[in-house]
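First the structure, in the form of structure tokens, and then the observations on it.
The values are calculated or read from the model by the stated rules, or taken from the named source; none is laboratory data. Remember, predicted model here, so these are calculated numbers, not experimental data. Neighbour counts are summed over all protein chains in view; Cβ atoms, including those assigned to glycine, are modelled from backbone coordinates with ideal geometry. Just so you know, the surface numbers come from the protein's heavy atoms only, side chains and all, with ligands and any DNA or RNA stripped out. Shrake-Rupley method; radii C 1.70, N 1.55, O 1.52, S 1.80 Å.
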Amino acid sequence: MSELVFLLEEASAKAMLEQLVPRLIGMDVPARYITFEGKQDLEKQLERRIRGYHNPNARFIVLRDLDSNPNCKKLKTNLLAKVNSTGKTAQILVRIACQELEAFLSGRPRSRSERIKHKAVGRPTEQEAL
Amino acid sequence: MRIESIRLKNFKVFRDVHLKNIPAFMVVVGANGSGKSTLFDVFGFLHDCLKGNVRQALDARGRFREVVSRDSGKHSILIELQYRMHITDVERLVTYSLEISDRDGAPYVKREILRYKRGRSGKPFHFLDFSDGSGYAISNEADFNKPDEELEREQQQVAPDTLAIKGLGQFTRFKAANAFRQLIESWHVSDFHINVARGRKEAAGESEHLSESGDNLPRVAQYLYEQHPKLFKRLLQTMVRRVPGIAEVQPKLMEDGYLTLRFRDGSYKTPFLDRYVSDGTIKMFAYLVLLYDPKPHPLLCVEEPENQLYPSLMTELAEEFRLYAKKGGQVFVSTHSPDFLNATELEEVCWLVKKEGRTEIRRASEDPQVAKYMAEGDKMGYLWKQGFFEGADPQ
């Protein structure tokens, strides 16, 4: 059975994805959200979680905020090197949220700030959010 | 003697559960209200049934209709425990089964059975079988060579709301009933209250075992200090290692005849009274007094031992519970602490899943994913926090 497994650095990412993922891919593919206690914890346990994952048909998505890290490409290369050692490279996506991860939900930061400037603050439209 | 399985039907949130292969040290995880306390209360309930009668045990829990699972449409509660014990030098698996029902607002024992196999093969034999106040017990159960028909059945009458093992269990010739009664009677749930453990205590009273609330802490400390000095010394060494600053704990009989505990900080000469010591210090001392008991309880239940204690002490605390279980007492612990769980092993852990008002029990060892990670050197606390205890987290 196919399954989507997210490896996340904190619980807020899970809260966001639980809202977003069903809207993107529907409810047909079961999703699991593994939340770690921060970036270092994520990086420490990531390989072990993927390597020992029971379901051979699972696909993994590793998400990490860029935050203060100056180089998003280097960061991604490092994470890829880690997950490649699991031997499941083809099943893994690594994504760096270059801005706040939550921006996926609240819309593009620029358009968001435009809206704030024009005092049109409110929930982002669905299109903006996606 | 060790509890091997627990089967419950219509006992509060447990509509139908069967917990098998129970380890000597079992750790239960579950969301608030999922039934951790109810699981431990099975023993409290049986204890109350034995001390008084079934009606009193039910009344203390809101009467029959509050104890029987809601909307189950069922009219009886089943509690079935299996335990291993030696009878005539052979280890046997004994089953105690109790079914309680209610008739016009009056609870009664619908069926009470104690059974085990007489030989290697064959059907389990009913050594005690009562229904609604009347039944029989086998009085020469140790005569295993006799054929079934030569066993002596003692017909007896008891009040319909009274357990037959209450009376018969007093006689040593009813071996299995007697052992079960002792287990339930000396079952101990730790419901430690720091504030009642502190302060001056009467010097006379129960002093060999720590009470449920811990209100006889100074007396038990004094008993260990006087009667088991080596053990007390070991206890102190552990205490000193775990609580920075504490150099000594001494039970002290005051001039007015009261007993109190005095703690000495390594940096000061004069000791201070337990009332000025931190909650965590008192609690750690109480756990050590409980767990270093030279005569362990056959069954000890502790809820959330992590409260007030420093997280890094959890590994050693878990190890002490395990040692206590090895010494002969079985230990059930409930916890919300990832640090405590990190110190547990796969076979020791189970979690409660509550769905639509009913609770099921899952064993970590039966979960392929958790078992796989653990085989690769993972830790239970991490797996729990990362959501691998399927259904345990509040939705």
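Could you please find all residues in region A:13-23 being more than 18 Å from A:VAL94 (Cα to Cα) and either open to solvent by 50 Å² or more (accessible area, probe 1.4 Å) or within 13 Å of chain B (Cβ to nearest Cβ) (or both)?
A:ALA15, A:GLU18, A:GLN19, A:ARG23
So which residues in region B:106-115 are open to solvent by less than 60 Å² (accessible area, probe 1.4 Å) and in contact (Cβ under 8 Å) with a residue 24 or more places away in the chain?
If the condition is that a residue be open to solvent by less than 60 Å² (accessible area, probe 1.4 Å) and in contact (Cβ under 8 Å) with a residue 24 or more places away in the chain, then B:ALA106, B:PRO107, B:TYR108, B:VAL109, B:GLU112, B:LEU114 are the ones that fit.
Can you find, within region A:28-47, the residue that is surrounded by the most Cβ atoms within 10 Å (Cβ to Cβ) among those that are assigned to a loop (DSSP other than H, G, I, E, B) and either basic (Lys, Arg) or within 8 Å of another protein chain (Cβ to nearest Cβ) (or both)?
Result: A:PHE36.
Out of all the residues in region A:5-27, is one or more part of a strand (DSSP E or B), under 21 Å from B:PRO338 (Cα atoms) and of a type outside the set (Phe, Trp, Tyr)?
Within region A:5-27, one or more residues are part of a strand (DSSP E or B), under 21 Å from B:PRO338 (Cα atoms) and of a type outside the set (Phe, Trp, Tyr).
Just one of the numbered conditions (1) open to solvent by less than 30 Å² (accessible area, probe 1.4 Å); (2) farther than 20 Å from B:LEU300 by Cβ is not true of B:GLY35; which one?
(2)
Hey, any hits in region B:272-295 for a residue that's under 30 Å from B:MET1 (Cβ atoms) and exposed (fewer than 13 other Cβ atoms within 10 Å of the Cβ)?
Within region B:272-295, one or more residues are under 30 Å from B:MET1 (Cβ atoms) and exposed (fewer than 13 other Cβ atoms within 10 Å of the Cβ).
Could you list, in sequence order, all residues of region B:331-375 that are open to solvent by 50 Å² or more (accessible area, probe 1.4 Å), in contact (Cβ under 8 Å) with a residue 60 or more places away in the chain and either part of a loop (DSSP other than H, G, I, E, B) or of a type in the set (A, V, I, L, M) (or both)?
Result: B:HIS336, single match.
Which residues, counting only those in region A:48-95, are surrounded by 16 or more Cβ atoms within 10 Å (Cβ to Cβ), within 14 Å of chain B (Cβ to nearest Cβ) and in a helix (DSSP H, G or I)?
Correct list: A:ARG49, A:ILE50.
If a residue must be within 22 Å of B:ASN53 (Cα to Cα), at pLDDT below 90 and open to solvent by 50 Å² or more (accessible area, probe 1.4 Å), how many such residues does region B:75-105 contain?
Looking only at that region, the number is 2.
Inspect all residues belonging to region B:307-317 and state whether any of them is assigned to a loop (DSSP other than H, G, I, E, B) and among the aromatic types (Phe, Trp, Tyr).
Among the residues of region B:307-317, at least one is assigned to a loop (DSSP other than H, G, I, E, B) and among the aromatic types (Phe, Trp, Tyr), which makes the answer yes.
Only one of (1) away from chain A (no Cβ under 14 Å); (2) farther than 24 Å from A:TYR33 by Cα is not met by B:PRO311, so which one is it?
(1)
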